[in-house]
Amino acid sequence: MGDFSTHLKRAQERDNVSEELLKQVRSEMRAETALAMARRHAALCISVLLLALVGLGVWQWHRHALKRDAAQASAIFYAASLTLLESDSDQDVKKAIADLAALTKKAPGQIRYDAAIQMAKAQIQQGDFKAGSATLQQLADNTSAPAIIRAYARYVRLNAASAMHALPETEIRAGYEALARDGGPWKPYAEEGLLSTDMASHLDEKRRLEARHLARALAGNPEVPNSIRQRAATMSTILKAGFND
């Protein structure tokens, strides 16, 4: 009996030792697993941090490049505009137009559109309506450009065509009508252009009566720019004689 108790006691002690060893092994395994996970997470965090720093650096560089390009483009634009305003040299004017043409292809944002309009005006002033008209039409058709810029390009083209008699009167009038119908800030200017096409002496009485009504409407509209109201009032006075309505 004593031997059996001794053997049982020893077996229990061995079991206890085995259990303690097993616990120790499990604890070490958990520690190693946790350490491995921590290392993986640390590597991942470092990678994410490095990517974020690289992305921030690229974004800051891109932002700086955009500012630099915009500043350079603005300087070229204003220099070319000043040349067109002040210089009588054909060579200087050609260079200014060439500089503006380059800006229409590579300048950022608004400067590109401003350059296109300025270049078109210069081309028209040089007597090349075809080139200026094509530049303005291209801008008017550019769906990436703001609506107000596209409408202004249409207005400048119609005004030039009207002044130079470069397009049929019916086409000019239809263009002004469409621009006025679209509304927006250029509507009163388009209506004034429409009025100017109806002032010709060869037009029939109906058209001249329509012109008188439009002139009175423009002259009496407080939302219309004052300069247009004044010109419309003058046109209304000119058209008034001979009509009873």
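The values are calculated or read from the model by the stated rules, or taken from the named source; none is laboratory data. Quick caveat: nothing in here was measured; it's all calculated off a predicted structure. Cβ coordinates were reconstructed from backbone atoms using ideal geometry, including for glycine residues, and neighbour counts include every protein chain displayed. Side chains are part of the model used for accessible areas, which takes the heavy atoms of the whole protein and leaves out ligands, DNA and RNA. Shrake-Rupley method; radii C 1.70, N 1.55, O 1.52, S 1.80 Å.
Counting Lys and Arg as +1 and Asp and Glu as -1, what is the net charge of the other residues whose Cβ lies under 9 Å from the Cβ of Leu218?
Local charge sum for Leu218: +1.
Find the relative contact order for region 145-245 and round it to a whole percent, using C-alpha pairs within less than 8 Å whose residues are 6+ positions apart.
19
Would you mind computing, in nm to one decimal, how far apart the modelled labels at Ala134 and Asn221 are, each placed 7 Å from Cα along Cα→Cβ?
It works out to 3.5 nm between the two label points.
Could you tell me, in Å, what Rg and Dmax come out for the Cα atoms of region 109-182?
11.7, 35
Can you report the principal axis dimensions of region 86-245 using only the alpha carbons, biggest first, rounded to whole angstrom?
Principal axes ranked by extent give 56, 30, 28 Å for the Cα atoms.
Determine the per residue accessible area of region 99-217 with all protein chains present and a 1.4 angstrom probe, expressed in square angstrom.
The answer is 51 Å² per residue.
Kindly provide the pair-distance distribution of region 148-191 built from C-alpha pairs, with 10 Å bins from 0 and whole-percent values in order of increasing distance.
Each 10 Å bin holds this share of Cα pairs: 32, 57, 11.
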